[in-house]
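In what follows, a single structure is set out as structure tokens and then discussed.
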Amino acid sequence: NLLEDVALIDTLQSSKETSDEVKQALDQAEITMKKIDDTREQFRQCGRTASILFFVLNDLVKIDPMYQFSLDWYKALFQRSIEESREQMFQDRYKSITKYHTLLVYKTACRSLFEKHKILLSMQMCIKLQMAEGLIDEAEWNFFLRGGQVLDRSTQPEKPPFDWITPQAWDNVCELEKALPATFTGISNAVALSPKDWQRWYLSVKPAPPESAQLPGEWETKCEDRLKKMIVLRCFRTDRVMLAIRNYVEHFMKKEFIENRPTILKEVMETSRASEPIIFVLSPGVDPADGLRRLADAADRPFEAISMGRGQSERAKRILSEGAEQGSWVFLANCHLSVSLLPELE
């Protein structure tokens, strides 16, 4: 009789209790997994931003072959952002990492760039991040980069007889209507009908220069965002475009992204590792040896400087070996005079 089988009844009772415990554990696990998924989705933005910024750096090699940034270096930079951003007082952790990492990428990469290319880096970072948010029209961005490509002037309206409107500017205005008709249809006619208003904007100095002044008539309203205004500025005043770019970056990011800070050796040293050399690409007449010596004294490190050239390779290798054991710093000057040593050095 099953009702008299005490062992079976106890086993069924125990199984039911175990089943209830498993069900509760599964329910709790489902809640925990949902929390993990929600948190992961928040932090996914950090990875998306980091990916965008890495490919911005990766594209810099098209400007100069010296501008090459390794993935290992970038991963270490991102890890540093995670650690150091803990001190930032933002409400959301993922926002803290993203903000800190974006600025750190700019500051660190700028150490490797020529001065004239730093504003290009900040502009690319700003635009690519906005593109990822769907805030930039790609056709508008392409026109801003390339301007109008004239294939047939026979259908082009006649240029107004004013010296301040150059043939190139008129070409850009006419092609702008064709490339972006949704916004700029009628702009060539507006220039021809109100030349004094446009000339006043073109030559404006006070209260604001052309990159900051309001566009004539209805075009201030039609060009509601800054990129559209920069496109119009590009058509007429290419000499003011760089200033407009600086204003654009400062508006959407921070002032730090347009400030050209000098390279501080102490900061370079703090972010370096003993297994990786620091390479100085110098202009004629520049010598960092004194600054390095003072930094070594402040850090209480022995410092050896060698001017490379014929017969110095063996001495350099010996001092490097001693420095690796003793923790001293070694500065090899004029490495271009001992090119054959560099592969072995690497």
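The values are calculated or read from the model by the stated rules, or taken from the named source; none is laboratory data. Since the model is a prediction, treat every value here as computed from it, not as a measurement. Note: ideal-geometry Cβ built from the backbone for every residue, glycine included; neighbour counts use all protein chains shown. Quick note on the areas: whole protein, heavy atoms, side chains included, nothing else; ligands and nucleic acids left out. Shrake-Rupley method; radii C 1.70, N 1.55, O 1.52, S 1.80 Å.
Residues checked against (1) modelled with pLDDT under 90; (2) touching a helix residue (DSSP H, G or I) at 6+ places or on another chain (Cβ under 7 Å):
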| position | (1), (2) |
| --- | --- |
| ASP239 | no, no |
| MET242 | no, yes |
| VAL249 | no, yes |
| PRO262 | yes, no |
| VAL281 | yes, no |
| GLY285 | yes, no |
| ARG294 | no, no |
| LYS317 | no, no |
Item checked: PHE144 vs. criteria part of a helix (DSSP H, G or I), of a type in the set (Phe, Trp, Tyr) and either out of contact with any helix residue (DSSP H, G or I) (no Cβ under 9 Å at 6 or more places or on another chain) or more than 26 Å from TYR74 (Cα to Cα) (or both) -> yes
Check: Give me the pairs: first residue in the stretch 119-140 and open to solvent by less than 60 Å² (accessible area, probe 1.4 Å), second residue in a loop (DSSP other than H, G, I, E, B), beta-carbon distance under 7 Å, and six or more apart or on different chains, which are they?
Finding: ILE119/ILE258; LEU121/LEU113; SER122/ILE258; CYS126/MET253; ILE127/ILE136; GLN130/ILE136; ALA139/LEU180; GLU140/LEU180
Notebook entry, point to check: Out of all the residues in the stretch 207-221, which are surrounded by fewer than 18 Cβ atoms within 10 Å (Cβ to Cβ) and under 33 Å from the mean Cα position of the chain (by Cα)?
Noted result: PRO207, ALA208, PRO209, SER212, GLN214, GLU220, THR221
Next item on the list: Search the stretch 272-291 for residues that are in contact (Cβ under 8 Å) with a residue 40 or more places away in the chain and pair each with any residue that is in a loop (DSSP other than H, G, I, E, B) and among the polar types (S, T, N, Q) when their beta-carbon atoms are under 9 Å apart and the residues are at least 6 apart or on different chains.
Entry: VAL281/SER112
Notebook entry, point to check: Restricting the search to the stretch 60-71, which residues are assigned to a helix (DSSP H, G or I) and surrounded by 13 or more Cβ atoms within 10 Å (Cβ to Cβ)?
Noted result: LEU60
Check: Consider ARG310 against the criteria (1) assigned to a loop (DSSP other than H, G, I, E, B); (2) surrounded by 14 or more Cβ atoms within 10 Å (Cβ to Cβ); (3) among the basic types (Lys, Arg): it satisfies all of them except one. Which criterion is unmet?
Finding: (2)
Notebook entry, point to check: Looking at LEU113, is it of a type in the set (A, V, I, L, M), outside any helix (DSSP H, G or I) and either modelled with pLDDT of 90 or more or within 12 Å of the chain's Cα centre (by Cα) (or both)?
Noted result: yes
Notebook entry, point to check: Regarding LYS228, is this residue basic (Lys, Arg) and surrounded by 18 or more Cβ atoms within 10 Å (Cβ to Cβ)?
Noted result: yes
Check: What are the residues in the stretch 166-219 that are modelled with pLDDT of 90 or more, small (Gly, Ala, Ser), farther than 22 Å from GLU140 by Cα and assigned to a loop (DSSP other than H, G, I, E, B), if any?
Finding: SER194, SER204
Notebook entry, point to check: Of LYS75, LYS16, which residue is in a helix (DSSP H, G or I), at pLDDT below 90 and open to solvent by 100 Å² or more (accessible area, probe 1.4 Å)?
Noted result: LYS16
Notebook entry, point to check: Could you say whether any residue in the stretch 205-219 is closer than 19 Å to GLY147 by Cβ and free of Cβ contacts under 8 Å to residues at least 24 places away in the same chain?
Noted result: yes
